[in-house]
Structures are given as structure tokens and as C-alpha cells.
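Data first, discussion second: the structure below is written as C-alpha cells.
The values are calculated or read from the model by the stated rules, or taken from the named source; none is laboratory data. Keep in mind that what you see is a predicted model, and the values were worked out from it rather than measured. Note: ideal-geometry Cβ built from the backbone for every residue, glycine included; neighbour counts use all protein chains shown. The area values use the complete protein model at the heavy-atom level, side chains included, leaving out ligands, DNA and RNA. Shrake-Rupley method; radii C 1.70, N 1.55, O 1.52, S 1.80 Å.
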Amino acid sequence: MTTPSSEPNESQCAVYLKALGDPLRLQIVRALQTGPLSVSDLSILVEQEIGTVSHHLRVLFHADLVQTQREGKFIYYSLKDGLLAGRGKAKQSALNLGCCQLDMGPMNPS
């Protein structure tokens, strides 16, 4: 799959946008802007069942928007390298999909 930092074709761009087209997946992406989180952590943050969050993480993973890292028995999810737009230490809220940038505000507390 094409990485978000390279020039994706229209098909890959559509895959990214389709994966981000669900309100819960947008909440998950906003939560992951702060750094890697486990399914359990995300479940608490977005106030959804672990199974529901896991399903949406699979969609984001297959769209190549998130990556995983195993630490012992836990799997941590993070945004794919190069996905957050901009440089430096400033917290970025825009996703660089290659074909466009999506301005993401911080996660809204429920």
C-alpha cells in the first residue's frame, strides 16, 4: 500500500477518506494524535465496547492509517508514520493523506 506521505492515486485516497467517514473512527484518530494507545485505552476514551473499537481499528489498519506495536501481551495502535502534517514540536491536528490534508481538531470530551 502507498504510505500517506507519498503521492497516492485516486483509489488510495478514496480508501483513506472512506475509512475516515465514520464518526467513531474520527474519534479514534483524534485520540491517537496524542500517541499510541491500546484497544482498552481507546475503549475508555471513546466510551464504546472493546469489540466495537477493535472493529474500527481493523478498518483503519487495513486502510493503512494506523500501525501496531506489540509490547508483551498488549498491542498499541498509533497513527501511521508521516500521517500528521507539519514539522517541529507543535502538536499537529491535520492529517496528511497525500492527496489532501484533513484538519482534525482535538478530541472533544463527552
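Looking only at residues that are among the polar types (S, T, N, Q) and in a loop (DSSP other than H, G, I, E, B) in region 17-34, which one is farthest from Gly98 (Cα to Cα)?
So the residue we want is Thr34.
Among the numbered criteria (1) farther than 25 Å from Asn9 by Cα; (2) open to solvent by 60 Å² or more (accessible area, probe 1.4 Å), which one does His62 miss?
(1)
Can you run down the residue pairs with Cβ atoms below 9 Å, 6 or more apart or on separate chains, where the first is in region 86-107 and modelled with pLDDT under 60 and the partner is open to solvent by 70 Å² or more (accessible area, probe 1.4 Å) and not acidic (Asp, Glu)?
Matching pairs, first to second residue: Lys91/Thr34; Lys91/Pro106; Met107/Thr34; Met107/Leu45.
Considering every residue within region 35-42, establish whether at least one is in a strand (DSSP E or B) and at pLDDT 95 or above.
For region 35-42, residues in a strand (DSSP E or B) and at pLDDT 95 or above: present.
Being open to solvent by less than 60 Å² (accessible area, probe 1.4 Å) and touching a helix residue (DSSP H, G or I) at 6+ places or on another chain (Cβ under 8 Å) is the filter here, so list the residues in region 42-59 that pass it.
Leu42, Ser43, Val46, Thr52, Val53, Ser54, His56, Leu57, Val59
Report, by residue number, each residue of region 65-78 that is open to solvent by less than 80 Å² (accessible area, probe 1.4 Å), without any contact (Cβ under 8 Å) to a residue 24 or more places away in the chain and outside any strand (DSSP E or B).
Gly72
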